[in-house]
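Nothing in this text is a laboratory measurement; each read-out follows from the coordinates by a stated rule. Just so it is clear, the structure is predicted and the values come from calculations on it, not from any experiment. Cβ sites come from the backbone with ideal geometry, for glycine too, and all protein chains shown count toward neighbours.
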Amino acid sequence: SLRSLLARWLRLAPHLGRSGYAEVLRFMGLVARTAAVERGLARVDGGDAVAQVATLRSAVRRLTRLANAMPPRFRKEEHGAWQEAYARAAAERDVLARRLAGDSVELRAGWERLELTLEDVRRRLGPDEVLLDYLRSGDVYFVWVVRPDGEPTRVDLGGAEVIEAAAVAFAERVAGSSGDSWSAAGRALRSLVLSPLEEHLGKATRTLYVCPDAALAAVPFAALPGKGDRRFLIDEHRLVNLSMAQELVPWQEGVKPGRGALLVGSVDYQRASEAPETAIRPSPPTLAMVDRAPRGGTFLPLPETETEVRFIESRIGHDTAILLGANATETRVRAGVRGRRVLHLATHGFVRDDLMR
């Protein structure tokens with residue numbers, strides 16, 4: 001897989017005097033491209049592109065079926081054949097997506113995420129701003145400290161098992177307790193994921209753009225302890241969370257911003273999955289929806305999420321749509337999100353890590 005190739009390159013890069021960040025940025029661009037094309041499929045519905053859209057959707061469905069049919073790794077010959085078939089299907093999807101993106105203005109805007117370079121990202125950083133781009137690669141975590149000029153500094157943070165245990169402990173204590181246990185867990189995590197970077201930040205750094213990866217995506221960085229007593233990281237830096245570095249670069253003009261909000265909560269997962277959808281045309285499956293739940297498991301409704309959604313509605317005040325209970329179906333969410341500026345999902349989440357190795 002691309003992630004496996006990236007992991008091998010990152011092990012080699014220091015021996016060649018490279019940080020490896022240009023390749024990381026390219027990899028994340030591929031992720032962004034795929035997501036942009038899949039989002040765009042919902043908006044391209046006719047005209048000259050209709051045949052291309054149908055062909056691309058068919059290719060995406062084939063890739064989805066393959067993703068769910070991965071044989072066990074111990075059946076080496078069968079697994080090897082599956083990997084080859086998956087690679088061929090992914091390559092076919094990419095070719096079709098690139099062709100369609102070239103012909104569609106809406107898809108082309110998202111496709112340009114792929115072409116962003118380190119220089120594009122650095123130009124968006126002010127003199128007192130630093131980007132921290134975290135990545136789990138194999139069994140270790142890395143972070144790149146990116147400044148407005150110069151080569152990014154790569155810091156090897158160490159084993160994923162230790163870091164992720166500390167991240168889980170801190171997130172749980174933030175959610176459920178206070179006092180010394182919260183502070184101690186925060187200091188332990190800070191010593192692993194932030195303290196090793198401090199010598200590279202510089203005293204003038206005011207803003208930190210943080211791109212977390214894997215378990216670190218669940219960490220409220222703003223709540224990490226600061227250097228002084230009763231201080232937090234948010235007291236020392238302006239923090240901006242990003243899903244990837246490409247978000248620093250504005251979209252091309254011509255992409256219309258959305259309006260209003262769609263709020264989803266108190267989902268009755270079993271009844272929602274069985275609710276009829278005759279009034280709304282269903283959308284095609286995407287790579288992100290290759291399974292409905294962890295295999296062998298089910299999701300129970302989350303308590304208090306309706307209260308959460310109603311509170312957000314009261315703060316926004318207008319142009320807000322809400323989906324609750326059995327009405328919060330996948331098809332209604334897909335239809336309701338179009339044209340919205342804000343999407344709030346108070347739901348469960350899970351990761352199919354067997355597709356990431």
Sort 165-174, 194-203 by the packing proxy (mean of other Cβ within 10 Å over each peptide's residues), most packed first. 165-174, 194-203
In square nanometres and to one decimal, what's the mean projected area of the convex hull around the Cα atoms of segment 112-237? 8.2
Taking the highest mean first, how do the peptides 54-66, 133-145 order by number of other beta carbon atoms within 10 angstrom per residue? 133-145, 54-66
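If Lys and Arg each add +1 and Asp and Glu each add -1, what is the summed charge of the other residues whose beta carbon sits under 10 Å from the beta carbon of residue 59?
Local net charge: +2.
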Please work out the FRET efficiency for the pair residue 238 and residue 198, using the Cβ-Cβ distance as r and a Förster radius of 25 Å; give the result to the nearest 0.05. 0.90
Label residue 307 and residue 58 with points 7 Å out from Cα along Cα→Cβ: what is the distance between them in nm? 5.2
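Sorted by packing (mean other beta-carbon atoms within 10 Å per residue), highest first, where do 19-25, 70-76 land? Numbers along the way, then the final one.
On the way: 19-25: 20.3, 70-76: 11.3.
With the highest mean Cβ count within 10 Å placed first, the list reads 19-25, 70-76.
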With each label point set 7 Å from Cα along the Cα-Cβ vector, what nm distance links residue 65 and residue 188? 4.8
What is the sum of charges, Lys and Arg at +1 and Asp and Glu at -1, for the other residues whose Cβ falls under 14 Å from the Cβ of residue 346? -4
Amide H contacts under 5 Å for residue 348, restricted to residues at least 5 apart in sequence or on another chain and with H modeled in the peptide plane, are none
Between residue 331 and residue 165, what FRET efficiency follows from the Cβ-Cβ distance if R0 is 41 Å, with the result rounded to 0.05? 0.60
Taking 0.36 nm per residue of separation and subtracting the Cα-Cα distance, what length does fully extending residue 300 through residue 95 add? 69.8 nm
